[in-house]
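Below you'll find the structure I mean.
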């Protein structure tokens, strides 16, 4: 019986790990639920992770995930409970029906009128009809208003004719369209009597419910292999003057009468408010994915030794400053994003409540917050995950590390649910509006809390950091001021740049925004979000009673701020807030935090409570048996090593052996 | 006959593109050779790119690359000509035998004595024996001195006994070991009469030449799926007290006599000097890979339109500042790395010549240069490639973009041939040595040219930038001073930090280096390399006669410097070289360059002369038929869309449809 190699490390952790876990999971109940949920997957023969299935083709992958999906339904009765929020953590690919449940069903619930819900909703919930959400086209993604698919009302037959007028108008990227869906909600430009009414949603049946063959006039299929997400059948759809009943236009908020009148009905803002949940879910996954990678890499870095120290003993790689610098700042990101998520979640729910009472006062602020938050979080996690896999050297490059599958799953997050640059620009546009409000006396007092720093921006931007000792930069209050200064400086700078282009260079405001201020606008939105995340973290720390936890979280929070500042100190410098000496002290403070947090690393990682089955890693399990597990998986789970495969492959190389001097053809 | 959509863009380019291409390819001859080489691949039915083969399993991939390899040999007679330097650009996976030709054969040529060369070399050249290079172990990679495999001399039988004493000592990651190789050069700790002589190379036969079955005592196989490079059979090897003749130790530089005497023979430095060629080859691939991605993304960004401008016309995405900012700085990197490669190549050849005359005076400097150069180049290309694929939105995520395959192929470059952080630290160690020389009067005048800035570091670090207008920051001389200042500041800072830790904190120098200065040391090596790359670029520009080329290259070179400075200006502040206002001007200068270089983009991209077949991209071909090609590949090249596959897949989803309310088990 060998002792666990992490035993000593775990004893060094200064804080109560169970209390930390409860803080992360908002109490013991949810924590137990998460543990139990993970255990169900670990115990189930179909759902549990199997390293021998990593190396399979798309076709096999798809079949595999169909099986998992069926089993998942058996266990969790998915149709009545939407996909559990932890589900995305359990596999390297999304389940079949994930898009149906997250997009098609909610769209019916929100956009269909009562009659239409009767027609489709129950069948959809039971997956008798499986639907997809066909919005994006080959030549148009973010710019929804310019979609080219048309839906022309034909009064004679009381129906719409849906058509794809050109190659670029083919629906594209639509999840679950390629193989699975038999229905779609198709967004098309509504045309009545030659007049356009913008993109509207139409329910279109795509495939025969019995044979699953495409219906006449429907050209549909999978759009091919991708960077990740390869079990998912993103598809294309070409509509050749398909005819659907008038009542197939989803009509809770807009109706077309038999006579071809277009009638808006109610305010669809509630729809948007609800659908923001998808973006919110991404924030949640961003820190969970990052935390899972950190758990793996932290453990591996405590097992892996490399080069001898001054006493001739091999040094554990986590004791190298360069390794700490690759992992601990991202640990700070993961914690910070977890706490900012909770704050944003509350705002989301508050907004939903208000909207249900026809109060849309919070909607714009929530949108302004969520857009850049989605971009910053997914970007942080992507860059972090890539750095973390590199921190594990060769073994991080092996799929058996568990790091690779999750990375691949993460790639599309920069693009889907709002392309990241466009998301930053949307928040930037919101911030510029708020800034302009802040300079007008009549509106300067109605800024939302997350933008209040703009109110006294002239005063704020004239402040100087007065700290003179390294220790002062370990305190959260001066760091908060710097984060605040940076956000404010960048918003004001971007606003001024826009104004200069318009006033001095006589540009159209749109031209200035698009062609002459994009980088500054993105910087402004990013810094605004960093400040918001930092603040959420800080606010949470103040509420913590347990001193040991407060202490370690304060260090993490300081590391979060110092990393952002040291990486991009230009606003503080340009704005005259700090001098070179203070920057030097901040770097030293940051190095001190790496030393202080080093012994807490395993505690911070394991507070996330990932089950070994969830991590899917040979190098990051709780037992620390890195090399034994790698060898076991390689010898027993690698399909390429089966004797019959080895023989077959030998046949393919035989023609090369000894024959490379064959004469030229 | 529609006109090419790039016609107008190409007409806007200000410089002679053919002359630029000749500059990149060192003259018209090499350029023609590259064009012809690419055309051979495009015309060959086996070698040419086929999008329908992207979505295949490892087993199929392996068979496919065996076929390509055979054909490649037929055409190019590879055994007598080592793999052509452009070959790595032509496929998304390495050819079978790539490691055999780049590592095994050269090792025999360099390390085997005359007798041994007679035994193995001709067979190896004809691939009758296929070999691999078994150095890395499961628990030891970078730290070669600590490898655990043993080779114990047994005088009684005049043989060595090779053994894997523990799990962690299994050979691991060895390219072409998993399936292909029948021989290996195994590095093992030589033990004679209980005394250790460090790791030495031994030729071990692994598999039967007829049956290809592993020989007794040899446990060998593939190490499983990876992040990329999945056609390559990286393998493991466990040796169970294998016996090999004494004459199987490669003996050009060390011999063991029958009596067990260990005799060094000659200076093996020439071996190291030659093997640096592999690292040099990576520098070369770094800019070619980046340039290929840029060609694709630049073209796509000229076809793709998104959102309407102030006149209601859809704006080409390359006209957005944010898009220019994603592509043009990497274009500057690609050009800068191309010219610095040429300079480094010259130094490599000069060193090889000198070494062949027993003059090893340049070896250390070359090592000091190449280590960080490998790290910085591969990192730049990785980060750039990822940013570039994101710049193409959804279509960049599709494997049909051509961006994905090349990205996957690039992932291991951060780790193999020297892990990137360790590479930076090796150069940093070299720089610290040079710095210490620079402060001693007797040695300060013998600094190599690339470190001469350390000579008068006190004077240099007291300088201040005097520029006051944006225009001044478009000139290369002031930018050169800033790059120089930054490199010098960081080396001095890292050296001081080390000294402080030793003198004030009483650390052992090794402890200080490993645990308290790693980040500063990495920064120093990075900035040193940026300065070197910038300088190489600058020197090249001065030699250019064609004014239009000189002008556009000067802009690219300025963009290179300004991007590095604006991204990490902290050394310039901390050292008091610039003030906040100057930083602002530099950002403005950088924005100006984006505007100036925008119309040159397609010319800069197409000067690289990539053939459409080499790019392997539906979205980046020279014809600009993005949407038509995507649709064609999806409909005609995507195996998942074959009717029989669609039907088979439908069977796998049938159990889910309408049955999700099945009772729990």
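Could you tell me which numbered condition residue B:162 fails, if it satisfies all but one of (1) farther than 30 Å from residue B:409 by Cα; (2) buried (at least 23 other Cβ atoms within 10 Å of the Cβ); (3) within 9 Å of another protein chain (Cβ to nearest Cβ)?
Only one criterion in (1) farther than 30 Å from residue B:409 by Cα; (2) buried (at least 23 other Cβ atoms within 10 Å of the Cβ); (3) within 9 Å of another protein chain (Cβ to nearest Cβ) is unmet by residue B:162, namely (3).
Could I ask something else about it? Can you say whether residue B:486 is surrounded by fewer than 21 Cβ atoms within 10 Å (Cβ to Cβ) and at pLDDT 95 or above, as far as the supplied structure shows? Break it down stepwise before answering.
On the way: surrounded by fewer than 21 Cβ atoms within 10 Å (Cβ to Cβ): no; at pLDDT 95 or above: yes.
Taking the combined requirement at face value, the residue does not satisfy it.
Give me the helices (runs of 4 or more DSSP H) completely within the stretch A:36-153, filtered to those with at least 3 residues that are at pLDDT below 95, away from chain B (no Cβ under 14 Å) and surrounded by fewer than 20 Cβ atoms within 10 Å (Cβ to Cβ), ordered by residue number.
Numbers: elements: A:58-76, A:105-111, A:114-125.
Once the helices (runs of 4 or more DSSP H) in the stretch A:36-153 are filtered for at least 3 residues that are at pLDDT below 95, away from chain B (no Cβ under 14 Å) and surrounded by fewer than 20 Cβ atoms within 10 Å (Cβ to Cβ), what remains is A:105-111.
Does residue B:581 fit the bill of being assigned to a helix (DSSP H, G or I) and either modelled with pLDDT under 95 or more than 31 Å from the chain's Cα centre (by Cα) (or both)? Full working, then the answer.
Details: assigned to a helix (DSSP H, G or I): yes; either modelled with pLDDT under 95 or more than 31 Å from the chain's Cα centre (by Cα) (or both): yes.
Judged against the criteria, residue B:581 is a match.
Let me ask you something else. Out of the residues in the stretch B:533-549 that are surrounded by fewer than 24 Cβ atoms within 10 Å (Cβ to Cβ) and in contact with a helix residue (DSSP H, G or I) (Cβ under 6 Å, 6 or more places away or on another chain), state the one that is nearest to residue B:605 (Cα to Cα). Walk me through it before giving the result.
From the stretch B:533-549, those surrounded by fewer than 24 Cβ atoms within 10 Å (Cβ to Cβ) are B:535-536, B:538-549; that's our starting set.
Applying the additional criterion that residues be in contact with a helix residue (DSSP H, G or I) (Cβ under 6 Å, 6 or more places away or on another chain) yields B:536, B:538, B:540-541, B:544, B:546, B:549.
Values: B:536: 20, B:538: 20, B:540: 19, B:541: 18, B:544: 19, B:546: 19, B:549: 14 Å.
Top of the filtered list is B:549.
Only one of A:570, A:523 is in contact with a helix residue (DSSP H, G or I) (Cβ under 7 Å, 6 or more places away or on another chain), within 14 Å of chain B (Cβ to nearest Cβ) and at pLDDT below 95. Can you tell me which? Reasoning before the result, please.
On the way: A:523 fails: at pLDDT below 95.
When all the criteria are applied, what remains is A:570.
Scan the stretch B:559-584 for residues that are in contact (Cβ under 8 Å) with a residue 40 or more places away in the chain and closer than 15 Å to residue B:330 by Cβ and jot them down.
Those that are in contact (Cβ under 8 Å) with a residue 40 or more places away in the chain and closer than 15 Å to residue B:330 by Cβ: B:559, B:560, B:561, B:562, B:563, B:564.
For the stretch B:602-622, state whether one or more residues are under 26 Å from residue B:317 (Cβ atoms), at the interface with chain A (Cβ under 10 Å from one of its Cβ atoms) and in contact (Cβ under 8 Å) with a residue 40 or more places away in the chain. Give the steps one after another, and end with the answer.
So in the stretch B:602-622, the residues under 26 Å from residue B:317 (Cβ atoms) come out as B:602-622.
If we keep only those that are at the interface with chain A (Cβ under 10 Å from one of its Cβ atoms) as well, we get B:618.
In the following step, the residues that additionally are in contact (Cβ under 8 Å) with a residue 40 or more places away in the chain were identified as B:618.
Yes, because at least one residue in the stretch B:602-622 is under 26 Å from residue B:317 (Cβ atoms), at the interface with chain A (Cβ under 10 Å from one of its Cβ atoms) and in contact (Cβ under 8 Å) with a residue 40 or more places away in the chain.
Another question, if that's okay. Hey, residue A:421 hits all of (1) modelled with pLDDT under 95; (2) under 20 Å from residue A:141 (Cα atoms) but one; which does it fall short on?
(1)
Could I ask something else about it? Restrict the check to the stretch A:334-343 and report whether at least one residue is over 23 Å from residue A:603 (Cα atoms) and either within 14 Å of another protein chain (Cβ to nearest Cβ) or surrounded by fewer than 24 Cβ atoms within 10 Å (Cβ to Cβ) (or both).
Initial filter on the stretch A:334-343 (over 23 Å from residue A:603 (Cα atoms)): A:343.
Going one step further and asking which of them are either within 14 Å of another protein chain (Cβ to nearest Cβ) or surrounded by fewer than 24 Cβ atoms within 10 Å (Cβ to Cβ) (or both), we end up with A:343.
Yes: the stretch A:334-343 contains one or more residues that are over 23 Å from residue A:603 (Cα atoms) and either within 14 Å of another protein chain (Cβ to nearest Cβ) or surrounded by fewer than 24 Cβ atoms within 10 Å (Cβ to Cβ) (or both).
Given the residues A:478, A:441, which is the only one that is away from every other protein chain (no Cβ under 12 Å) and not in a helix (DSSP H, G or I)?
Residue meeting the stated conditions: A:441.
Right, here's the next one. Which condition does residue B:260 not pass, out of (1) in a loop (DSSP other than H, G, I, E, B); (2) out of contact with any strand residue (DSSP E or B) (no Cβ under 9 Å at 6 or more places or on another chain); (3) surrounded by fewer than 16 Cβ atoms within 10 Å (Cβ to Cβ), if it passes all the others?
Among (1) in a loop (DSSP other than H, G, I, E, B); (2) out of contact with any strand residue (DSSP E or B) (no Cβ under 9 Å at 6 or more places or on another chain); (3) surrounded by fewer than 16 Cβ atoms within 10 Å (Cβ to Cβ), the lone unmet condition for residue B:260 is (2).
Among the residues of the stretch B:188-211, count how many are on the phi > 0 side of the Ramachandran plot and in contact with a strand residue (DSSP E or B) (Cβ under 8 Å, 6 or more places away or on another chain). Spell out the reasoning first.
Our first condition is that a residue be on the phi > 0 side of the Ramachandran plot; within the stretch B:188-211, this holds for B:193-194, B:198.
This time we only want the ones that are in contact with a strand residue (DSSP E or B) (Cβ under 8 Å, 6 or more places away or on another chain), so: B:193, B:198.
Summing the residues that are on the phi > 0 side of the Ramachandran plot and in contact with a strand residue (DSSP E or B) (Cβ under 8 Å, 6 or more places away or on another chain) in the stretch B:188-211 gives 2.
Residue-wise test of (1) over 25 Å from residue A:338 (Cβ atoms); (2) surrounded by fewer than 23 Cβ atoms within 10 Å (Cβ to Cβ); (3) touching a strand residue (DSSP E or B) at 6+ places or on another chain (Cβ under 8 Å).
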{"position": "A:554", "(1), (2), (3)": "no, yes, no"}
{"position": "A:563", "(1), (2), (3)": "no, yes, no"}
{"position": "A:585", "(1), (2), (3)": "yes, yes, no"}
{"position": "A:590", "(1), (2), (3)": "no, no, no"}
{"position": "A:636", "(1), (2), (3)": "yes, yes, no"}
{"position": "A:650", "(1), (2), (3)": "yes, yes, no"}
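Just for the stretch A:374-423: of the residues that are outside any helix (DSSP H, G or I) and within 8 Å of chain B (Cβ to nearest Cβ), which one is surrounded by the most Cβ atoms within 10 Å (Cβ to Cβ)?
Keep residues of the stretch A:374-423 that are outside any helix (DSSP H, G or I), which gives A:392, A:398, A:402, A:415-419.
With within 8 Å of chain B (Cβ to nearest Cβ) added as a condition, the list becomes A:398, A:415-416, A:419.
On the way: A:398: 27, A:415: 24, A:416: 21, A:419: 19.
Among those residues, the one meeting the criterion is A:398.
May I pose another question? What residue, of A:613, A:609, is assigned to a loop (DSSP other than H, G, I, E, B), within 28 Å of the chain's Cα centre (by Cα) and at pLDDT 95 or above?
Numbers: A:613 fails: assigned to a loop (DSSP other than H, G, I, E, B).
Just a single option satisfies the conditions, and that option is A:609.
The values are calculated or read from the model by the stated rules, or taken from the named source; none is laboratory data. Small disclaimer: the values here were computed from a predicted structure and weren't measured. All Cβ positions, glycine included, derive from the backbone under ideal geometry; neighbour counts span all protein chains shown.
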